[in-house]
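Okay, handing you the structure first.
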Amino acid sequence: MGRPRTFDEGRAVEAACRVFWLKGYEGATTEDLCQATGLGRSSVYNTFISKSHLFRRCLSHYMDTTGARQVSIMENAGPDGLGRVQALLEAIVEAELEGRREGYGSGCFTVNTITALAYDDPETATILDRDKERRLLALRSVIQGGQRDGSITSPEDPHALAWYVASTIYGMRVAAQSGAPEDILRRIVATGAVALAP
């Protein structure tokens, strides 16, 4: 019978998540992961099997956490469909600005993974695709609601508009990491709203 674990596995995942988020999969060393989690090399691999397995666990954790937060915004913020989309875009800007202020402007873990690793690893690609579909479904639902309540007047198909908003979010994330100033990021939000309600 093995010894019981004496550490919080969830906290270890969160700590490792920050390492992968900041350094990427290739840049994160086993030593980095050990230092962040407080675990020895054998404990890391006994618990999480491999670096790639731990990375996917961290990515899924990040997606679940940020996805839930964004869905909550879309369900509860704003008086109508357009207002909810705007609230989501503003939340993205605030997250990027907070990261910049705190000195860890690491962008979005998901976007970073898409641009660096997405199709090098089929299992990671599956996780990314599942998250993408979940986010698109949530966006499409909000957009359909906006078309019904009259706040979103674009006649485009809701699925295409959901892709447009998702692409705007990806683009804002990359622009923020490229040094776009706050006023430009907020103008992107305003331009996105105009596209939905021309």
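Note the full-extension length gain between Ala175 and Ala116 as 0.36 nm times their separation in residues minus their Cα-Cα distance, in nm to one decimal. If you can, show how the numbers build up before the last one.
Values: separation 59, 0.36 × 59 = 21.24 nm, distance 1.62 nm.
Full extension from Ala175 to Ala116 adds 19.6 nm.
Please identify the longest segment of the chain free of exposed chymotrypsin sites (Phe, Trp or Tyr not before Pro), where exposed means a DSSP state other than H, G, I, E or B and no more than 13 other Cβ atoms within 10 Å. Working shown, then result.
On the way: sites that count: Phe7, Tyr104, Tyr119.
Looking at the chain, 8-103 is the longest stretch - no exposed chymotrypsin sites (Phe, Trp or Tyr not before Pro) with at most 13 other Cβ atoms within 10 Å.
Rounded to the nearest 20 Debye, what is the dipole magnitude of the stretch 1-155 about its Cα centre when Lys and Arg each give +1 and Asp and Glu each give -1 at the C-beta?
Numbers: 19 positive and 21 negative charges, 67 e Å.
Here the stretch 1-155 has a charge dipole of around 320 debye.
To the nearest 0.05, what FRET efficiency results for Glu102 and Ser167 with a Förster distance of 35 Å applied to their C-beta separation?
Using R0 = 35 Å, I get an efficiency of 0.85.
Starting from the 7 Å offset along Cα-to-Cβ, what nm value, one decimal, do you get for the label separation of Ala125 and Arg148?
The modelled label-to-label distance comes out at 3.7 nm.
When the chain is fully extended, how far beyond the present Cα-Cα distance does Arg134 get from Arg41, taking 0.36 nm per residue of separation?
Stretched out fully, the Arg134 to Arg41 stretch lengthens by 30.0 nm.
So which DSSP H runs in the chain come out at 24 Å plus along the axis (Cα) with average Kyte-Doolittle of at least 0.0?
Details: long enough: 51-76 (37 Å, -0.62); 81-102 (32 Å, -0.10); 122-149 (40 Å, -0.84); 158-177 (29 Å, 0.47).
In the chain, the long hydrophobic H runs are 158-177.
Which order do Arg57, Arg84, Arg130 fall in if you start with the one that has the fewest other Cβ atoms within 10 Å? Spell out each step's value before the answer.
Values: Arg57 20, Arg84 24, Arg130 12.
Taking fewest neighbouring Cβ atoms as first place, the list is Arg130, Arg57, Arg84.
Go through Ser151, Ala180, Leu137 and say which Cα lies farthest out towards the positive end of the charge dipole of the stretch 62-196; charges sit on Cβ, +1 for Lys and Arg, -1 for Asp and Glu.
Farthest towards the positive pole: Ser151.
Same structure, new question: Which values of log₁₀ I(q)/I(0), to two decimal places, follow from the Debye formula for the stretch 62-196 at q = 0.12, 0.21 Å⁻¹ with a uniform point scatterer at every Cα?
These q points yield log10 I(q)/I(0) values of -0.46, -1.33.
Follow-up. Please name which of Thr126, Phe48, Gly99 has its Cα lying farthest along the dipole of the chain towards the positive end, using unit charges on Cβ (Lys, Arg +1; Asp, Glu -1) and the Cα centre as origin.
Toward the positive end, the furthest listed residue is Phe48.
Let me know the shape class of the stretch 17-74, please: from the alpha-carbon gyration tensor, a ≥ b ≥ c as square roots of the eigenvalues, rounded when a/c is under 1.5, otherwise prolate if a/b is greater than b/c, or oblate.
Working: a/c = 2.64, a/b = 2.13, b/c = 1.24.
Cα axes put the stretch 17-74 in the prolate bin.
Read-outs throughout are calculated quantities, based only on the coordinates presented, and are distinct from any laboratory measurement. Treat the numbers as computed from the prediction; the structure is a model and nothing was measured. All Cβ positions, even for glycine, are placed from backbone atoms using ideal geometry, and neighbour counts span all protein chains on display.
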